Amino acid sequence: QVRLVESGGGLVQAGESLRLSCVASGDIFAINSMGWYRQPPGKQRELVATVNKGGRTTYADSVKGRFGISRDATQNTLYLQMNNLKPEDTGVYYCTLNRVSGNYWGQGTQVTVSS
């Protein structure tokens with residue numbers, strides 16, 4: 001089993017920054033990729049950013065240049081640095097991990113950006 005615990009969400013004003021963290025535990029070996037998704041109010045869950053086992057990163061167009069994903073393998077922690085936040089970044093942010101046994105999700109952390 002894999003357990004993912006997110007933290008770092010909160011209420012900020014537009015233009016401010018937040019850093020999300022996701023601590024992974026359990027069967028965290030042979031990881032293919034990790035990433036962040038978000039679910040805005042009343043909308044479907046969408047991809048924010050991913051990082052694969054080789055360190056290659058991908059970003060949604062809406063966050064390119066503002067968000068940065070990174071992974072500290074020694075600490076089993078995934079980060080999402082979010083700068084210049086906008087009201088449309090509001091939503092529940094979920095950490096995800098993909099390995100041979102499937103996809104795993106955290107419980108989510110709320111990010112609210114006021115205008």
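The values are calculated or read from the model by the stated rules, or taken from the named source; none is laboratory data. Note that this is a predicted model, so its numbers are computed, not measured. Counting neighbours? That spans all protein chains shown, and the Cβs are built from the backbone with ideal geometry, glycine included. Side chains included, ligands, DNA and RNA excluded: accessible areas come from the protein's heavy atoms. Shrake-Rupley method; radii C 1.70, N 1.55, O 1.52, S 1.80 Å.
Pick from Asn52, Asn84: which is over 19 Å from Gly106 (Cβ atoms) and either among the hydroxyl-bearing types (Ser, Thr, Tyr) or surrounded by 13 or more Cβ atoms within 10 Å (Cβ to Cβ) (or both)?
The match here is Asn84.
Answer with yes or no whether Leu47 is touching a residue at least 40 places away in the same chain (Cβ under 8 Å) and not hydroxyl-bearing (Ser, Thr, Tyr).
Taking the combined requirement at face value, the residue does not satisfy it.
Looking for something under 17 Å from Gln110 (Cβ atoms), open to solvent by less than 20 Å² (accessible area, probe 1.4 Å), at pLDDT 95 or above and not in a loop (DSSP other than H, G, I, E, B) - is there at least one such residue anywhere in segment 68-79?
Within segment 68-79, not a single residue is under 17 Å from Gln110 (Cβ atoms), open to solvent by less than 20 Å² (accessible area, probe 1.4 Å), at pLDDT 95 or above and not in a loop (DSSP other than H, G, I, E, B).
Could you check Val12 against (1) open to solvent by less than 70 Å² (accessible area, probe 1.4 Å); (2) under 25 Å from Gly102 (Cβ atoms); (3) in a strand (DSSP E or B) and say which number it fails?
It fails just one condition, (2).
In this structure, does Arg3 turn out to be under 15 Å from Gln110 (Cα atoms), outside any loop (DSSP other than H, G, I, E, B) and of a type in the set (Lys, Arg)?
no
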